[in-house]
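Asks: Just passing along the structure, written as structure tokens.
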Amino acid sequence: MCDEKPQPGDLIEIFRGSYQHWAVYVGDGFVVHMASPSGAPGGGSSSSKSIVAEKALVKKEELCSVVGTDRWRINNSLDEKYEPHPAGVIVGEACALVGEELPYGVFTGNCEHFANVMRYGRAESRQVRDAALVVAVGVGAGLALGALSSRKNKNTK
């Protein structure tokens, strides 16, 4: 599972089923990532507790331990949108935060936000944006169906 060869500063996207966990590769087989403050390998990053936590611990752990049996990939896709920091800066800043407890919020401060801040200096989460889009489309469709149903009921009276 750990056959890909990331370079220091690469962002690692780990597929956890209904969401993705993100980490920053810092070299020698290690990543830095935000995780719930448990003592378990991977920091509980695959547990539902990490999603509802108000704080997250920045951890440095072996990539393969964090990934476990999940699928993962190198994902620097925002390089097309933003200029990444130099690898040494990314690694230095990520490692400097190891052991820190940071505020956590699914919509404003999740592990993807953290990884993107390290690489680009910008807190962005495409999975949050995409989830918000799905909700907006669903709400819009629901409103449209409701209006259509209301109109149909008026026409049948």
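The values are calculated or read from the model by the stated rules, or taken from the named source; none is laboratory data. Only a predicted model underlies this, so the values are computations on that prediction, with no experimental measurement involved.
Asks: So, Arg151, is that one assigned by TED's automatic domain parsing to the domain that holds Tyr19 and either modelled with pLDDT under 95 or under 17 Å from the mean Cα position of the chain (by Cα) (or both) or not?
Replies: no
Asks: Search region 88-132 for residues being β-branched (Val, Ile, Thr) and at pLDDT 95 or above, and hand back the single one that is nearest to Phe15 (Cα to Cα).
Replies: Going residue by residue through region 88-132, those that are β-branched (Val, Ile, Thr) are 89-91, 98, 106, 108, 117, 128.
With at pLDDT 95 or above added as a condition, the list becomes 89-91, 98, 117.
Values: Val89: 26, Ile90: 22, Val91: 23, Val98: 23, Val117: 20 Å.
Among those residues, the one meeting the criterion is Val117.
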